[in-house]
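Novice: First, the structure itself, so that you have it in front of you.
The values are calculated or read from the model by the stated rules, or taken from the named source; none is laboratory data. None of these values were measured; they are calculated from a predicted model. FYI the Cβ positions are ideal-geometry reconstructions off the backbone, even for glycines, and counts take in every protein chain you see.
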Amino acid sequence: MGFRSFAASRLPAALTGLPGLRSPIEPTAAEAASFDALLHLLSYLPKADIKRVREAYKFADEAHLGQFRASGEPYITHPIAVAGICAEWRLDAQAIMAALMHDAMEDCGVTKTELIERFEAPTAELVDGLTKLDKLQFSTKEESQAESFRKMLLAMARDVRVILIKLADRLHNMRTMEAMAAIKRRRIARETLDIYAPIAHRLGLNQIYRELQDLSFQHINPWRHAALSKAISKARGNRRDLVSRIEKDVLKAFEGAQYKAEIDGREKTIYSIYKKMKDKHLSFAQVSDIFGFRVVVADLPHCYLSLGVLHQLYKPQPGRFKDYIAIPKPNGYQSLHTTLVSPLGTPVEFQIRTEAMHMVAEKGVAAHWLYKDSGGAHSAQQMGARWLQSLIEIQDETRDANEFLEHVKIDLFPDAVYVFTPKSKIMALPKGATPVDFAYAIHSDVGDHCVAAQINGEAVPLRTELRSGDVIEIVTAAGARPNPAWLSFVRTGRARSKIRHFLKNLEQDESRDLGEKMLSQALRAEGLALPSLHEDAEEAAGTDSAAQLWQQLARWAGNRHVDELLVEIGLGRKIATIVAKKLARMLSAQGQRPDAVMLSMGRFAADAEPAQGQVTLDGSEGASVRLATCCRPIPGDEVKGYLGRGEGLLVHTAECQVGRKLFARDSEHWIAVHWADELTRPFEAAVSLLLNNGKGVLAQVAAAVSAAEADITHILMSDESQQRETAEMNLLLSVRDRLHLADVLRTLKRSPAVLRVWRVKP
């Protein structure tokens, strides 16, 4: 058996994965545009289905009549080629029909209703899922592109045939881009490399994945592609004797063991060689595993028996054995991988698998149609379906198209780690995943209430990266909730979208409460009380009910409902005083008059006790209320609240220069705030110290802070301090209030190392 490309030896020419392996007999334009170009590939379909496909061809041919590709060929040649690739996977008639008509809605003005009437709803749904959103108006091209991907991926989640047709479409476009402008070729190639190739890999379509990568690389870096192609051809000639010798030795060893096996040589793709050179900073001569071998055997036990035969023939390299049969990859891929030392001392990789595993490895979810009785194909489809289902979950929490695409990109990492639950269930996560990702992969409730984690029985920080083989146990608490800081280290799209969704809902609730307080305070200044937001059913039945009043106010403000209006007030997008004046006029129209006592309370609350509804700070504020980092207010400071435009309430000290400038520029957005009598947490204050530079200075400062019952949360010293007799140190101290800070400063002043200490003010 001579050395040859595995793809070329075993698979149809239309899907071999390398342009050079296509049929040498290219059809003419007329032949490529005729139905006969597709007919010979449809022999697996019943005659009735072939008739329906022929009708779809006629419809597409008429729709695209007079249209030509950039190469000058009739446009119909493209849908026929796409349908041909789908026929290689033996997709059903509906999918082949959709492939023929996939551009009809977008380019020819055909409506979905027309397709439903002629070809029924399932086919029309497939075509609609493939259609871009060019008819909608978007602010940027990137937003339009993200929305198109979102629609396509969600259609794919409902029916995997959508992405199979889309990948076939992209593959043919990539094969025939020579007539396009170079800048357009590079843009399409970059999009393919970033989105479509990873999706193909995630669904186990490794043949398509490799070809899309190589074609993208060829258009993005044509010079490097050409140079590497030349180098590989030269290396192929130089190593022919070695490859032939290894092949003979392996065949002889299997004959001696009386095992039937098919052995094929394979070659790394140009792009994978380039990526390895780039990632590991290697020259081409240093890339040792350009060639490898694939061993296909009859059944599962023979995979492991074949491994023994190979290890007896050549010595294995330690640490280079991987069992993807016992633990399949997330896309369903199964094989044994082992690297052996050849007679010349060079490493050679062998992949051992069954026929069914090989079909799944090359075709992924498409193997379901090719080999419907194959258990391997079924497992691959389950793997794909699990990921597709996660897309729908992410969509439920992420309405923004760009954010959705960002989450999906995160999940398209090809590398994975395999970890275990305490009950020994295997879970695959992206490389770099943390216990928080693991918690959300189990269930969103486990992730939301996660407080700690144990790996292999030892407590670890939540940002710890997981390694294959780890046993993970998550500790939860009923009152716990997601921490915004988790977004800086989680790696899965599911975890990221769940955390953001929770925080957005939390911010909405807090902003609504804040908006209600602010509106109540502003209305009191008009001498009126805020109407009830939660009235009884009997009251709501009245003609002038509070519910109707709130509904009218929301409509006037341009909001769908009152909760949305209150959220916008709480976020500073609408000014409470303006909304309150409108509400006062509406109440007056109903016969309500200002109350003299309430009017005086609203106007003079600043000089007397805080008015009811005034914003109170107790340390439990969430995302809607923040303390300014420029002045870092602490309890005891006189404070004011700035209602940023869409940013919630930002609290400054009364003497803060930054706050004063904001007040001079935008006085309408300032509201009264005060500290609560009982506080729920300590607060941070910024302190600077001038020190005698010497040994043990930091220890003396830390001891003084500890003696005053405070904590240091951050330390910063200038680089120049080492060369001087004095040093300046900046601290962030965690204190209860202003009196506690004064006590800390006095304690620091008594330290012999401290020359001067002061609170930092902007």
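Novice: Is it true that Leu65 is part of a loop (DSSP other than H, G, I, E, B) and either in contact with a strand residue (DSSP E or B) (Cβ under 7 Å, 6 or more places away or on another chain) or surrounded by 23 or more Cβ atoms within 10 Å (Cβ to Cβ) (or both)?
Specialist: No, not satisfied.
Novice: Going through the stretch 315-356 one residue at a time, which ones are among the aromatic types (Phe, Trp, Tyr), in a loop (DSSP other than H, G, I, E, B) and in contact (Cβ under 8 Å) with a residue 40 or more places away in the chain?
Specialist: Tyr333
Novice: Find all pairs meeting these conditions: Cβ atoms under 6 angstrom apart; at least six residues apart or on different chains; first residue within the stretch 95-107 and not assigned by TED's automatic domain parsing to the domain that holds Lys58; second residue of a type in the set (S, T, N, Q) and part of a helix (DSSP H, G or I).
Specialist: Pairs that qualify, where the first residue is not assigned by TED's automatic domain parsing to the domain that holds Lys58 and the partner is of a type in the set (S, T, N, Q) and part of a helix (DSSP H, G or I): there are none.
Novice: Every residue in the stretch 625-645 that is modelled with pLDDT of 80 or more and in contact with a helix residue (DSSP H, G or I) (Cβ under 8 Å, 6 or more places away or on another chain), please.
Specialist: The answer is Ala628, Cys630, Cys631, Ile634, Pro635, Gly636, Asp637, Lys640, Tyr642.
Novice: Quick one: would you say Leu566 is modelled with pLDDT of 80 or more, closer than 23 Å to Val673 by Cα and in a helix (DSSP H, G or I)?
Specialist: yes
Novice: Could you check the stretch 89-116 and list, in sequence order, the residues that are closer than 29 Å to Ala361 by Cα and at pLDDT 85 or above?
Specialist: Result: Ala93, Gln94, Ala95, Ile96, Met97, Ala98, Ala99, Leu100.
Novice: Residues Thr339, Thr354: which one is within 19 Å of Arg266 (Cα to Cα), in contact with a Pro (Cβ under 8 Å, 6 or more places away or on another chain) and polar (S, T, N, Q)?
Specialist: Answer to the check: Thr339.
Novice: Moving to a separate point now. What pairs can you find where one residue is in the stretch 470-483 and at pLDDT below 85, the other is of a type in the set (Asp, Glu), and their Cβ atoms are less than 9 Å apart, with a gap of 6+ or different chains?
Specialist: Filtered contacts from the stretch 470-483: Ala480/Asp448; Arg481/Asp448.
Novice: Within the bounds of the stretch 646-665, is there any residue that is at pLDDT below 90, farther than 21 Å from Leu739 by Cβ, part of a loop (DSSP other than H, G, I, E, B) and not assigned by TED's automatic domain parsing to the domain that holds Arg738?
Specialist: Yes.
Novice: Mind listing whichever residues of the stretch 450-471 are assigned to a loop (DSSP other than H, G, I, E, B), within 21 Å of Lys498 (Cβ to Cβ) and in contact with a strand residue (DSSP E or B) (Cβ under 7 Å, 6 or more places away or on another chain)?
Specialist: Leu462, Thr464, Leu466
Novice: Among (1) farther than 29 Å from Val639 by Cα; (2) in a helix (DSSP H, G or I), which single condition is Leu691 missing?
Specialist: Among (1) farther than 29 Å from Val639 by Cα; (2) in a helix (DSSP H, G or I), Leu691 violates only (2).
Novice: Regarding Ala685, is this residue over 28 Å from Ile569 (Cα atoms) and either at pLDDT 90 or above or outside any helix (DSSP H, G or I) (or both)?
Specialist: Yes: the conditions hold for Ala685.
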